[in-house]
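Participant: Please see the structure below; I have some questions.
Read-outs throughout are calculated quantities, based only on the coordinates presented, and are distinct from any laboratory measurement. As the structure is a prediction and not an experimental result, all values here were calculated from the model. Neighbour counts run over all protein chains shown; Cβ positions are idealised from the backbone, glycine included.
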Amino acid sequence: MLENLVTFLVGLVADWGYFGIFSLMFLESSFFPFPSEVVMIPAGFLVFKGEMNAFLAFFAGTFGSLAGALFNYYLCYFFGRPLIQKYGKFVGITDEKMAKFEAFFEKYGEISTFNCRLLPGIRQYISLPAGLAKMNIFKFCLYTALGAGIWVAILMAVGYIIGDNQDLIKKYMHVITLILVVLILLITAVYLKIARNSKKN
């Protein structure tokens, strides 16, 4: 059954092409989250097979993620907290979850829009407090695109190197996630130190 699912996902990405990658990553990054692994790992495998261009697949995935993040950002930018309180429960965003997202954003600042793009289950929602805070749109796009680009590249590399071997994917995705968490902690520590030194000066 797992083999059939992998075949279906690879076929879906192949049939929809680059627009399909963009559309699915847009959804993954907005209010309709599903694992980006099911999009970009098959894309990497198709690159390995010579059926997709690596650069086009990468840009489609990255800009799809950015577009979905901007969708969330502007919803909160223009409509504010009442929109989340009224409709958030329909997509799994409770008041408690939203409070955690806001607390994280306030604690770590704008760099969190970069860091959180590398963390599964969180990347979709960090755009919400950024929109509420009316974060500078240039910085938001820059940090989001950088974080999303790194994640897309990693998933494509997994698909390219490992292909459709699900056992290896499961094994190495845990290792990759652990490395990313350590990297995020280091980046955040450096960013906070630089921010504190700037305030002192």
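Participant: What is the extension gain from A54 to K86, computed as 0.36 nm multiplied by their sequence separation minus the C-alpha to C-alpha distance, in nm to one decimal?
Facilitator: 7.4 nm is the gain from fully extending A54 to K86.
Participant: Sticking with this structure for a sec: Once label points are set 7 Å from the Cα along Cα→Cβ at both W16 and I137, what is their separation, rounded to one decimal in nm?
Facilitator: 2.7
Participant: Quick one: which residues, 5 or more positions from S30 or on another chain, have an amide H under 5 Å from its amide H? H modelled 1.01 Å from N in the peptide plane, none for Pro or chain starts.
Facilitator: Amide H neighbours of S30, under 5 Å, 5+ apart: none.
Participant: To continue, here is another question. Work out the FRET efficiency for A157 and L119 from their Cβ-Cβ distance, taking R0 = 22 Å, and round it to the nearest 0.05.
Facilitator: Details: r = 18 Å, r/R0 = 0.82.
With a Förster radius of 22 Å, E is 0.75.
Participant: Sort 49-60, 15-26 for me by packing, meaning the mean count of neighbouring Cβ atoms within 10 Å per residue, highest on top.
Facilitator: The densest-packed peptide leads the list: 15-26, 49-60.
Participant: Arrange the peptides 125-135, 151-161 so that the one whose residues have, on average, the most other Cβ atoms within 10 Å appears first.
Facilitator: Per-residue mean Cβ counts within 10 Å order the peptides as 125-135, 151-161.
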